[in-house]
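Data block below; observations after.
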Amino acid sequence: SLALKRMLNFNAPPLKNTAAEPVWKVLIYDRFGQDIISPLLSVKELRDMGITLHLLLHSDRDPIPDVPAIYFVMPTEENIDRICQDLRNQLYESYYLNFISAISRSKLEDIASAALAANAVSQVTKVFDQYLNFITLEDDMFILCHQNKELISYHAINRADIQDTDMEAIMDTIVDSLFCFFVTLGAVPIIRCPRGNAAEMVAVVTRVKLYFPSCNALSLAAQSLFLTVMFYSPSFQRPLFILADRNVDMATPLHHTWTYQALIHDVLDFHLNRVMMEEGAGAEPSPAGARPKKKSRKTYDLTAADKFWQKHKGSPFPEVAESVQEELDAYRAQEDEVKRLKSIMGLEGEDEGAISMLSDNTAKLTSAVSSLPELLEKKRLIDLHTNVATAVLDHIKSRKLDVYFEYEEKLMSKSTLDKSLLDIISDPDAGTPEDKMRLFLIFYITAQQAPSESDLEQYKKALVDASCDLSPLTYIKQWKAFTKMAATPANYGNSGVKPMGLFSRVMNTGSQFVMEGVKHLVLKQHNLPVTRILDNLMEMKSHPETDDYRYFDPKMLRGSESSIPRNKNPFQEAIVFVVGGGNYIEYQNLVDYAKSKQGKKVVYGCSELFNAAQFIKQLSQLGQK
């Protein structure tokens, strides 16, 4: 966010004094730039920084000759051609070119030639490599890209017919973004990774790019920063960078969840911190012969400025529903107080200007009215969360997601099961075909021993009868055989939930959320496989799961093949990156882990962020080959 604000201030530190009038300017971005900016800066924040207009590079843009333009784009052939065309058409007063990733010398020469031909050399004020080729979704979470994410997806990395050249292209894309992340962070980490998978390949290429800055197209200033950080900062101050492979834990991405943020991502359309919902789904039917009402799509931004979201995004859903109701009741009480004071003063229909001019004995009313903008913002957020939480609750109730969540937790923690798997698969009222497939895949992945052929046929028949596509199972069977998971199934720790009975009634008589029939499940703290790997490596614990992890330290370049860490002190900061895709369940588990450890800071990253539906689609594609 700070790097973006600096860029939007013509690459100068943003001014603290907001009273000064900003320089008005135009922002031109491509889809990649748009994805990087949108989760971090709202339209209002852009306006406050002087951005009067923000446009896509490849849209039809009219000339605005007396305004400077800030470009924020990837250095692709197509984008460079369009920038050259803008220079020829003399669209803007001056051009500040910011490239998301490092631009090559040949492309820089193309821009110089176009500027010379258009007699616009003096107008190209600055050209910067921003090294911002990653998307920050939270203070402690980043993903690599949203556009073209299928090029570095789990499916792309794990398909059977992948060529060496394809794999190299995937590695280059991932490593370029990771390199940008560490340049922005201003840190050179110690790298740990498992052996023999895509995570190791990423680690090896990242090591070369990070530890040998002179081999890269880095400016001299950036090289000197890297070398200083690398050789003069003590090991314990440098972060630990753990690369994990998605194949280490295939059950969590398929798991039905119970926390607010992860549930929204699972059941609603949630991308780059924005929820898209169809309004009026439950509206009354149109009269006979009339055109059906068009459902309007509503978008909600869930941002860091939303205090309710920041406090409750990792909370169990019933707790969130209760809190929304409490906020609503508190808001109504405040609103009633303002109305009561107005009515006492006989000012029912007066405007706010008249009220503010009243004498001292109305200070209480004046104070209440001055808090109205704050009250209206509070109301907007309450409405937002009421709508989103109601939509989530509809899915929980119609698909019995509480039943799925509880059963899967028991499967993953090897607890005693209270009903048979076949019963849930065969129950026509329990979930969608996809829900049933997710449950069965978790059972298959976590089973100590694979079910017998006859049992498997019985399950398959039940799944087919429930309209399930069996392609994902075909792939998971191959995956399990290949990874020999049958011998060493992933350990999901002492997980599990504590059922507190049903919500037999609404939470209180006026509640928006009718939770009747939904299980009141309380989460028990436990570490998922990725969190357990982090704990072993961050705390320098000896454990068979991680003892064989490779160790790369920039201060031990010659002995870099060693897996014996030179640094024996526990790390205070760690970045966990999952090659092959991540999810909000894993992220929340790491957040909870970091909270339980005093002074530890953990950042979660992944090559793409998918929900279970998107992941199962990739497994299905792999199973069909």
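Give the residue, chosen from D429, D435, that is part of a loop (DSSP other than H, G, I, E, B) and acidic (D, E).
Values: D435 fails: part of a loop (DSSP other than H, G, I, E, B).
Going through D429, D435 in turn, just one is part of a loop (DSSP other than H, G, I, E, B) and acidic (D, E): D429.
When you go through (1) touching a strand residue (DSSP E or B) at 6+ places or on another chain (Cβ under 7 Å); (2) surrounded by fewer than 20 Cβ atoms within 10 Å (Cβ to Cβ); (3) aliphatic (A, V, I, L, M) one by one for V43, which number turns out not to apply?
For V43, the failing item is (1).
Check off (1) modelled with pLDDT under 90; (2) within 27 Å of the chain's Cα centre (by Cα); (3) of a type in the set (D, E) for E284 and give me the number that stays unchecked.
(2)
Cβ-Cβ under 9 Å, sequence separation 6+ or interchain: first residue in the stretch 32-48 and without any contact (Cβ under 8 Å) to a residue 24 or more places away in the chain, partner of a type in the set (A, V, I, L, M). Which pairs?
What qualifies is Q34/L56; V43/I51; E45/I51.
Looking only at helices (runs of 4 or more DSSP H) that fall completely inside the stretch 131-243, which ones have 3 or more residues that are open to solvent by less than 70 Å² (accessible area, probe 1.4 Å) and either modelled with pLDDT of 85 or more or touching a strand residue (DSSP E or B) at 6+ places or on another chain (Cβ under 7 Å) (or both)?
Values: elements: 154-158, 164-185, 198-211, 220-232.
Fully inside the stretch 131-243 and qualifying: 154-158, 164-185, 198-211.
Of the residues S398, S415, S367, S371, which single one is out of contact with any helix residue (DSSP H, G or I) (no Cβ under 9 Å at 6 or more places or on another chain), at pLDDT below 90 and of a type outside the set (A, V, I, L, M, F, W, C)?
Testing whether each residue is out of contact with any helix residue (DSSP H, G or I) (no Cβ under 9 Å at 6 or more places or on another chain), at pLDDT below 90 and of a type outside the set (A, V, I, L, M, F, W, C) leaves just S367.
So which pairs qualify, if the first residue must be in the stretch 541-567 and farther than 19 Å from V188 by Cβ, the second must be modelled with pLDDT of 85 or more and in a strand (DSSP E or B), the Cβ gap must be under 6 Å, and the two must be at least 6 apart or on different chains?
Final answer for the pair search is S563/R550; S563/Y551.
Report yes if some residue within the stretch 51-59 is open to solvent by less than 20 Å² (accessible area, probe 1.4 Å) and modelled with pLDDT of 90 or more; otherwise report no. Outline the logic, then answer.
Applying the first criterion (open to solvent by less than 20 Å² (accessible area, probe 1.4 Å)) to the stretch 51-59 yields 51, 57.
Adding the requirement that they be modelled with pLDDT of 90 or more leaves 51, 57.
Yes; the residues of the stretch 51-59 include at least one that is open to solvent by less than 20 Å² (accessible area, probe 1.4 Å) and modelled with pLDDT of 90 or more.
Quick check on the stretch 609-622. Is at least one of its residues open to solvent by less than 10 Å² (accessible area, probe 1.4 Å), aromatic (F, W, Y) and assigned to a loop (DSSP other than H, G, I, E, B)?
Checking the stretch 609-622: at least one residue is open to solvent by less than 10 Å² (accessible area, probe 1.4 Å), aromatic (F, W, Y) and assigned to a loop (DSSP other than H, G, I, E, B).
Looking at E278, E326, E335, which is the one that is at pLDDT 85 or above and among the acidic types (D, E)? Don't jump to the end; show me each part of the working.
Values: E278 fails: at pLDDT 85 or above; E335 fails: at pLDDT 85 or above.
Among E278, E326, E335, only E326 is at pLDDT 85 or above and among the acidic types (D, E).
With the condition kept exactly as written, say whether any residue in the stretch 106-129 is assigned by the TED database to the domain that holds F577, aromatic (F, W, Y) and either closer than 19 Å to M201 by Cα or open to solvent by 50 Å² or more (accessible area, probe 1.4 Å) (or both).
No, the conditions are met nowhere in the stretch 106-129.
The values are calculated or read from the model by the stated rules, or taken from the named source; none is laboratory data. Quick caveat: nothing in here was measured; it's all calculated off a predicted structure. Reconstructed Cβ throughout: ideal geometry from the backbone, glycine too, with neighbour counts over all protein chains shown. Just so you know, the surface numbers come from the protein's heavy atoms only, side chains and all, with ligands and any DNA or RNA stripped out. Shrake-Rupley method; radii C 1.70, N 1.55, O 1.52, S 1.80 Å.
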